[in-house]
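What follows is one structure encoded as structure tokens, with my remarks underneath.
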Amino acid sequence: MEPVAELMDEHFALLEIADEVRRSLAAQDRGEVRRLLERAGRMLARHVSREEAGIFAALEEQGDFADAVRELEAEHVDFDRQLARLDDSTPDFAAAVRRLLDELAEHVEKENLGVFPVAVVTLGARGWETVGRAHAAKPSFLVTAPS
């Protein structure tokens, strides 16, 4: 599968699990919310590692859109921190989860409509080799379950 399309498919899978989390929040099933968030965290970790070692690294190597890439990488770190801080015993748990899911959706949009199209147009052969190596080293969670 073409690398950008694969990353976008991973985004859509992450957004689908986010919808499942929202439904479980509405049903006040905190156990299911926890389970889904743990799964989403594993998926997100796999996705981010491929994205940063591939598309992001290739853009940085070329000197293209470094500020945008650094901003998106900072958001990746922030997602990890937010996931780690979630505590389902606190009264603001549902609001914190919704906020995280909203931020994830905005982040996905920035990548799908911003950085990914730029990469498709601007990356040269060397950049695509970087992307190919990253994707070969870390298969998509769509193909193998994240551990």
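We did not get these values from a lab; they are worked out from the coordinates using the rules stated. All figures in this text were calculated on a predicted structure; none of them were measured in a lab. Heads up, the Cβs are rebuilt from the backbone with ideal geometry, glycines too, and the neighbour counts pull from every protein chain shown.
In a simple Cβ point-charge model (Lys, Arg +1; Asp, Glu -1; nothing else charged), the chain has a dipole of about 500 debye relative to its Cα centre. Calculated over segment 28-77, the projected area of the Cα convex hull averaged across directions stands at 3.9 nm².
Using the C-alpha gyration tensor of segment 1-124, what are the square roots of 5 times its eigenvalues, in whole angstrom, with the largest one first?
On the way: eigenvalues 174, 39, 24 Å².
Those come to 29, 14, 11 Å.
Summed over qualifying helices (DSSP H, 4 residues or more, each -39500 (n - 2.57)) and divided by its residue number, the chain shows a 222 nm mean residue ellipticity of -24500 deg cm²/dmol.
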